Amino acid sequence: MNYFKIDRHLPHFSLETVNILGQCAIPLALILIGATFADLSQGVKLTNRLQIPLAASALRLAILPALFILTAFILPLSIELKAVIAVQAAMPCGVFPIVLARHFDGSPEVALKVVLGTTLLSLLTIPLWIGIGMKLLDL
């Protein structure tokens, strides 16, 4: 709409409605994520099969960040892109795998364990990897 300048011909209330709906997206997503976690954790003993979140955390919070930062160090990239890579390398697993596991008849319990495990451990690893990335990449 902006590209074709259609927004100039729309009534103000329609643009305001879209703006208000956009402001609701993040709070609504957080509520849905919490409800999904609560729903899945009802029948799951989170301490069973701890090798799942431990292996996922080792991969997502140790091996992959090291590879991301090493790649950013080797490749001739802009400073801004290196900063983005350093921050993204430190992030835990997102919650979307839970949705995918439910939709494709996978194991949402495994996805929940991976998401919770990497999120909890990321409280320690995020500052570590961002600090390493900043020093190594001269940011």
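The values are calculated or read from the model by the stated rules, or taken from the named source; none is laboratory data. The structure displayed is predicted, hence computed values, not measured ones. Positions of Cβ are backbone-derived with ideal geometry, glycine not excepted, and every protein chain shown enters the neighbour counts.
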Is at least one residue of segment 108-125 over 21 Å from ILE33 (Cα atoms) and not assigned by TED's automatic domain parsing to the domain that holds GLY34? yes
What tally of residues in segment 70-109 results from selecting those that are touching a residue at least 24 places away in the same chain (Cβ under 8 Å) and among the small types (Gly, Ala, Ser)? 5
Somewhere in segment 12-25, is a residue of a type outside the set (A, V, I, L, M, F, W, C), outside the structural domain of VAL114 (by TED's automatic domain parsing) and at pLDDT below 85? no
Residue count for segment 1-46, restricted to those that are touching a residue at least 24 places away in the same chain (Cβ under 8 Å) and of a type in the set (S, T, N, Q): 2
Residues (at positive phi and surrounded by 10 or more Cβ atoms within 10 Å (Cβ to Cβ)) located in segment 2-52: ARG49
For segment 22-80, which positions are within 15 Å of LEU116 (Cβ to Cβ) and of a type in the set (Asp, Glu)? ASP39
Go through the residues of segment 107-130 one by one and say whether even a single one is surrounded by fewer than 17 Cβ atoms within 10 Å (Cβ to Cβ) and outside any helix (DSSP H, G or I). yes
